[in-house]
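**Q** This is the structure I want to talk about, given as structure tokens.
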Amino acid sequence: MDQDGANHKFLTDGKNLVITPRFSPVGPEITYMAFQGYKKNLEAQVYLMNLLTGTKQPLGKFKGMTYSPRFTPDGKKVIFSQTRSQGTSSLYEMDPHTHQLMQITNSIGIDTSPCHSPDGRQIVFNSDRGGKRQLYVMNSDGSQPERISFGEGIYATPVWSPRGDFIAFTKMHKGRFYIGVMRPDGSGERLLTEGFVLEGPTWAPNGRLILYTRITPSDRHGRGGTSKLYAIDLTGKIEFLLPTPGNASDGAWSPIDYR
Amino acid sequence: MKIRDLALMSALAIAVAACETGPSSTDDDSMSSGKDAYGFAAGSQEDLTVTAGDRVFYGFDMYNLTPEGEATIAREAEWLAKYPNSTVTVAGHCDERGTKEYNLGLGMRRATTHKNGLVGSGVDAGRIAVISYGKEDPIVEGSSEEAYAQNRVTIVTLN
């Protein structure tokens, strides 16, 4: 759809559960996670879709469940989480053309939501390796992971600004959810907005506006709850709803208009 | 999802009704008649659900077993020993108060805990597949602590 919510078009047929679509920074492709089938022979894997041809294909063949995909800044690889036999999740990177797989982390917990710095040299990610969920930055080969979040509460879904100057994140504290930003070294944490359940910040290409998902509670029959896309600027002063045809989540900004 | 909830509720309703009069037949009788004590086909999903229990619950953000969870897994392992040709899928779920991606990982930790419990009770690991729905397929609708407690769960389904 357009950035004002107009001209939406459905890319998938609604038969399967599809989450976390992300654009390639260089080509007409998205990567996302989808469930195929139900209960029996269920596959939960990362897929690629060409937006011009509509062709969909799994990123590769994996032993575990794969999720949380994102393109590298050069668009040549996809970084994602894969579950291991003991239930943990580690980060991997794959070139979709050669299918060459590289293991980036070897976690005792859950490593997920990886996102490269715009220069491709570092990766910010979410991990509970130290107990509570925190944000970590490491080199793109997985070396020298360092925790950068030290405030109260727990942190998730870090995304590096395309300008490189901030990392946006979801924070959970005392039962409330927040969208915030911090410098890549963890300094200068600022919370921009709060609510019942907020998550999944994503940057506009200008690095000054953030899109996120805002969920409102539902009653005991599951009614009344909504999931909507909102945008907020870096000052936290300008915040607005993006109209969508129904409930929406996991927005992503395209580098160019492919339609 | 609604249909599945209804199926479960009717199974529970029948289980309660059966308890009032007490199971009338012994296990041996049920095996020979092809029905369990509650009237379900021996070896069926309903049989597993009412005689052993198909789900294990977890605390907020937790994936360790409670004593109740361990007891359920012990009954499931016993049930699976009676039907050695059956294979199952253990699906992990989380409540809505978390982030999608982390919850996919958390659901897999829960499913793996459940699987490891079954394996520890003698079930062949090759009979058990695991999957995580994270918070994408809640069992119970609603934004209440009651609903969340039902949604922090692993469920065993016969393949």
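The values are calculated or read from the model by the stated rules, or taken from the named source; none is laboratory data. Predicted model, so just to flag it, every value in this text is computed and none were measured. Glycine gets a Cβ as well: all are built from the backbone with ideal geometry, and neighbour counts include every protein chain shown. Ligands, DNA and RNA are stripped out before the accessible areas are found, and what is left, the full protein with its side chains, is counted by its heavy atoms. Shrake-Rupley method; radii C 1.70, N 1.55, O 1.52, S 1.80 Å.
**Q** Testing residue A:131 on (1) at negative phi; (2) within 14 Å of another protein chain (Cβ to nearest Cβ), one condition comes back false. Which one is that?
**A** (1)
**Q** Within the stretch A:227-259, work out how many residues are assigned to a loop (DSSP other than H, G, I, E, B) and either open to solvent by 50 Å² or more (accessible area, probe 1.4 Å) or away from chain B (no Cβ under 14 Å) (or both). Give the steps one after another, and end with the answer.
**A** Taking the stretch A:227-259 first, the residues assigned to a loop (DSSP other than H, G, I, E, B) are A:234-238, A:243-259.
Filter again for either open to solvent by 50 Å² or more (accessible area, probe 1.4 Å) or away from chain B (no Cβ under 14 Å) (or both), leaving A:234-238, A:243-247, A:253-259.
So the count comes out to 17.
**Q** Something else: Please enumerate the residues belonging to the stretch A:38-61 that are open to solvent by less than 70 Å² (accessible area, probe 1.4 Å), touching a residue at least 12 places away in the same chain (Cβ under 8 Å) and either more than 20 Å from the chain's Cα centre (by Cα) or within 23 Å of residue B:137 (Cα to Cα) (or both). Step through it out loud before you land on a result.
**A** Just the residues of the stretch A:38-61 that are open to solvent by less than 70 Å² (accessible area, probe 1.4 Å), to begin with: A:39, A:42, A:44-51, A:54, A:58-60.
Retained after the next criterion (residues that are touching a residue at least 12 places away in the same chain (Cβ under 8 Å)): A:44-51, A:54, A:58-60.
Listed by number, the residues that qualify are A:44, A:45, A:46, A:47, A:48, A:54, A:58.
**Q** Now a separate question. Only residues that are open to solvent by less than 60 Å² (accessible area, probe 1.4 Å) and small (Gly, Ala, Ser): list them for the stretch A:124-148, please.
**A** Once the filter is applied, which keeps residues that are open to solvent by less than 60 Å² (accessible area, probe 1.4 Å) and small (Gly, Ala, Ser), the stretch A:124-148 yields A:127, A:131, A:140, A:142, A:143.
**Q** Another question about this same structure. Being more than 8 Å from every other protein chain (Cβ to nearest Cβ), surrounded by fewer than 20 Cβ atoms within 10 Å (Cβ to Cβ) and modelled with pLDDT of 95 or more is the requirement here; does residue B:119 meet it? Can you show your working first?
**A** Details: more than 8 Å from every other protein chain (Cβ to nearest Cβ): yes; surrounded by fewer than 20 Cβ atoms within 10 Å (Cβ to Cβ): yes; modelled with pLDDT of 95 or more: yes.
When the stated conditions are applied, residue B:119 passes them.
**Q** Scan (1) open to solvent by less than 50 Å² (accessible area, probe 1.4 Å); (2) of a type outside the set (Asp, Glu); (3) closer than 19 Å to residue B:85 by Cα; (4) at pLDDT 50 or above for the single condition residue B:35 breaks and write down its number.
**A** Among (1) open to solvent by less than 50 Å² (accessible area, probe 1.4 Å); (2) of a type outside the set (Asp, Glu); (3) closer than 19 Å to residue B:85 by Cα; (4) at pLDDT 50 or above, residue B:35 violates only (1).
**Q** In the stretch B:122-140, which residues are of a type outside the set (Gly, Ala, Ser), at the interface with chain A (Cβ under 9 Å from one of its Cβ atoms) and touching a residue at least 40 places away in the same chain (Cβ under 8 Å)?
**A** We begin by selecting, within the stretch B:122-140, every residue of a type outside the set (Gly, Ala, Ser); these are B:123-124, B:127-128, B:130-131, B:133, B:135-140.
Remaining after also requiring at the interface with chain A (Cβ under 9 Å from one of its Cβ atoms): B:130-131, B:133, B:136-138, B:140.
Of everything in the stretch B:122-140, those that are of a type outside the set (Gly, Ala, Ser), at the interface with chain A (Cβ under 9 Å from one of its Cβ atoms) and touching a residue at least 40 places away in the same chain (Cβ under 8 Å) turn out to be B:130, B:131, B:133, B:137, B:138, B:140.
Here is a yes/no grid of residues against (1) assigned to a strand (DSSP E or B); (2) touching a Lys or Arg at 6+ places or on another chain (Cβ under 6 Å); (3) over 18 Å from residue A:248 (Cβ atoms); (4) in contact (Cβ under 8 Å) with a residue 12 or more places away in the chain:
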position: A:131; (1), (2), (3), (4): no, no, yes, no
position: A:135; (1), (2), (3), (4): yes, no, yes, yes
position: A:187; (1), (2), (3), (4): no, no, yes, no
position: A:205; (1), (2), (3), (4): no, no, yes, yes
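**Q** What are the residues in the stretch B:67-95 that are open to solvent by less than 50 Å² (accessible area, probe 1.4 Å) and outside any helix (DSSP H, G or I), if any?
**A** Of everything in the stretch B:67-95, those that are open to solvent by less than 50 Å² (accessible area, probe 1.4 Å) and outside any helix (DSSP H, G or I) turn out to be B:83, B:86, B:88, B:89, B:90, B:91, B:92, B:93, B:94, B:95.
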